[in-house]
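Visitor: Attaching a single structure in structure tokens format; questions to follow.
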Amino acid sequence: MTIRSRRETVTFKHPFRIRGVERLLPAGAYEVVTDEETIEGLSLSVWRVATMIIVPAEAARSTTEMLSIGSVDLADAQAADASVAND
């Protein structure tokens, strides 16, 4: 099994919502982690992909939390943020 991870920082200029997260998130820079894992034993290469975003914690016991999101949902939130910037 092969696992590879990619980290990137995405910046939102406005407060935003992302599908799968039940609250409004503040504008700012967010770390996004994408893990890709091969699924062995198949006749072709197949990757399982997981995308997570690190956000300010909702509970007072920690400062951040990592939430699982869809890569398409992230792209939609970025597009919505960019369209607000152009209004």
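Coordinate-derived values only; no laboratory data. Source: prediction; values computed, not measured. For neighbour counting, all protein chains shown are included, and Cβ atoms are generated from backbone atoms with ideal geometry for every residue, glycine included.
Visitor: When you look at Ala27, is it surrounded by fewer than 13 Cβ atoms within 10 Å (Cβ to Cβ), of a type outside the set (Phe, Trp, Tyr) and touching a His at 6+ places or on another chain (Cβ under 8 Å), yes or no?
Guide: Yes; evaluated as a whole, the condition is true for this residue.
Visitor: Of all residues being within 16 Å of Ile3 (Cβ to Cβ) and of a type outside the set (A, V, I, L, M, F, W, C) in the stretch 42-66, which is surrounded by the most Cβ atoms within 10 Å (Cβ to Cβ)? Just the residue, please.
Guide: Thr51
Visitor: Here's a follow-up. Can you tell me which residue among Glu36, Glu22 is among the acidic types (Asp, Glu), farther than 17 Å from Ala79 by Cα and surrounded by fewer than 10 Cβ atoms within 10 Å (Cβ to Cβ)? Before the answer, list the steps.
Guide: Numbers: Glu36 fails: surrounded by fewer than 10 Cβ atoms within 10 Å (Cβ to Cβ).
Only one candidate qualifies: Glu22.
Visitor: Going residue by residue through the stretch 44-67, is there one that turns out to be touching a residue at least 24 places away in the same chain (Cβ under 8 Å), in a strand (DSSP E or B), small (Gly, Ala, Ser) and on the phi < 0 side of the Ramachandran plot?
Guide: No, every residue in the stretch 44-67 fails to be touching a residue at least 24 places away in the same chain (Cβ under 8 Å), in a strand (DSSP E or B), small (Gly, Ala, Ser) and on the phi < 0 side of the Ramachandran plot.
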